[in-house]
Each structure stands twice: as structure tokens, then as C-alpha cells.
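Read the structure below first, then the notes.
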Amino acid sequence: MSYMLFLSFTYHRYREDGIIRVYADDRLIDELTLTEDIGYKVVDVTHPPITDHDWIGPHNRTAIMFLPEKNFLFEISEEHLHKKIRIEVQNDHTNHNNGFMTKFAHVNFQQISLFPSSLLYYKNWFKLERFFWDGSEDLTQWDQPPKCFLSGYHQTHRLWSNREQTWCDTLIHQTKGGNFSVDIPLTKKYGIVHLGKVKHGKAYIYLWELVRLWAYKVLNIENEDQRSNNT
């Protein structure tokens, strides 16, 4: 089985190109050369095909998301997913001079997700609908997820909820310059390879993760009418 590693991040270029390398179990998967800035774009997510209801806020305001302009998707064979995913960043470009620095290149990771390549098709996500969770704390129909899962934005690195918070707290939504690398441990549970250490208990799919994949047109939604035909 193959997996898809999904990365989205913003990037500010200064003087020279930044480089990001992605490894799986010390095997180089790809090298990205960042030749230009990656900013944000606004996406209308009022009517996603992922759920059976629309997200329309007070006063009929449209629901939007601010997402990085680009995303990167890598296919990785399961045979190379045993220990860790490593992300190396070479981006040490500044105007440092005589002890002063006012400009520097930086990257800010917004989402890092790993999922089986079969889940590029929404019809397969539909089969897992009972695991969807929309982020609310009204969990009367669910086992209580771990407390860290309720912390919001720190969860945008993954699709499944019951895993420990370690590496993501110093990477996701953090503006980072210079050269650095992050090792993301892998765990296999429920027959699927997960980012991070998975805890005991039921797994959940964070619904807004799927909305982001849909907004980036990563999901094949040719069967998006399946929901209405089966309810």
C-alpha cells in the first residue's frame, strides 16, 4: 500500500532560494527548491461536499479559510514508513550585519498529513464517516478524545485525533527561519501508519482536515452525490 504525505506552508524568500528535503526512514523522497514567496489565498468553504450541512455563520456570512497558495503531495510506499518522517529545511538567509538583523527568510508550516493513497477519493472517506468530528466539544455521541486534541490549531498537522502532541508544538503555525530539521515518529495502528505516537482508544478524523484537502482540490469528489443518494 502507498501513502500520501501532504504539506502546506507559507514561505518568505530573502536573497536566495530555500530548500526543503523530505525523508521517509532516512530515504530521500523529494527536494523542494523554493524560488518565490508562498502567501495565503482565500477559499470559500461554505458548501463542502464532505458533510451534509453548510457552514454559514451569523448574518448569513460566507465561511472562508485562509490557506497557503501552494500545497505539496508526495507518494510514499509503506515499506519506507516504519520509523519516522524527517523534514529538513535549509533557509539561513538574512541581512545580519554587525550584530543587527531586520530581514530574514522564513517558513511557516500550516498542515502536515499522512494518509493512504486510496483516500484521495472521497468515496472512500465516505465509508469512514462514523469517525468524522467537526471540532465541537459536544461529544455525547463519542468517546472523549485526548485533551490535547481540543486545543484547535495545534491539531492541523494530522487527520486522526488520538495521538500525542510533541513535534507539532514547535513546528505547526510557527514562523521559523534558519536551518532546522524535524523528525516525526511513525506509529502503525488500526492497520494504518500514523504521524506521531498513537494513544489507546478510538480514532477520529478531524473534519476540517478533509475540508482543507477538498479546498486544495486534492480529493477526487466525482462521487460527491453519493451522500444524498444514500441518506
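What to note about this one:
- Pick from the range 197-231, criterion under 13 Å from the mean Cα position of the chain (by Cα) and at pLDDT 80 or above, ranking: surrounded by the most Cβ atoms within 10 Å (Cβ to Cβ): LEU213
- Yes/no for ASP25 being of a type in the set (Asp, Glu) and either in contact with a His (Cβ under 6 Å, 6 or more places away or on another chain) or modelled with pLDDT of 95 or more (or both): yes
- Condition check for SER151: at pLDDT 80 or above and in a helix (DSSP H, G or I): no
- For the range 80-123, filtered to residues that are small (Gly, Ala, Ser) and farther than 30 Å from TYR190 by Cα, the residue that is modelled with the lowest pLDDT is GLY99.
- Some residue of the range 67-78 being within 20 Å of the chain's Cα centre (by Cα), among the hydroxyl-bearing types (Ser, Thr, Tyr) and modelled with pLDDT of 95 or more: yes
- Scan the range 79-123 for residues that are over 30 Å from PRO48 (Cα atoms), touching a residue at least 24 places away in the same chain (Cβ under 8 Å) and outside any strand (DSSP E or B) and the total you get is 10.
- Residue match in the range 33-52 (condition: touching a residue at least 12 places away in the same chain (Cβ under 8 Å), surrounded by 14 or more Cβ atoms within 10 Å (Cβ to Cβ) and among the aromatic types (Phe, Trp, Tyr)): no
- Some residue of the range 47-61 being touching a His at 6+ places or on another chain (Cβ under 6 Å) and either under 29 Å from TRP125 (Cβ atoms) or modelled with pLDDT of 95 or more (or both): yes
- Count of residues meeting criterion [surrounded by fewer than 17 Cβ atoms within 10 Å (Cβ to Cβ) and either under 25 Å from the mean Cα position of the chain (by Cα) or on the phi > 0 side of the Ramachandran plot (or both)] in the range 91-106: 3
- A search for C-beta distances below 7 Å between a residue of the range 158-178 that is within 10 Å of PHE9 (Cβ to Cβ) and among the β-branched types (Val, Ile, Thr) and any residue that is assigned to a loop (DSSP other than H, G, I, E, B) and at pLDDT below 70, counting only pairs 6+ apart in sequence or on different chains, returns ILE172/THR156; ILE172/HIS157.
- Hey, ILE64 in contact with an Asp or Glu (Cβ under 9 Å, 6 or more places away or on another chain), of a type in the set (A, V, I, L, M, F, W, C) and at pLDDT 95 or above or not: no
- Residue that is surrounded by the most Cβ atoms within 10 Å (Cβ to Cβ), among those in the range 1-32 that are within 17 Å of the chain's Cα centre (by Cα) and of a type in the set (A, V, I, L, M): ALA24
- When residues in the range 174-196 are screened for being part of a loop (DSSP other than H, G, I, E, B) and at pLDDT 85 or above, 4 of them pass.
The values are calculated or read from the model by the stated rules, or taken from the named source; none is laboratory data. Predicted, not measured: the structure shown is a model, and the values here were computed from it. Heads up, the Cβs are rebuilt from the backbone with ideal geometry, glycines too, and the neighbour counts pull from every protein chain shown.
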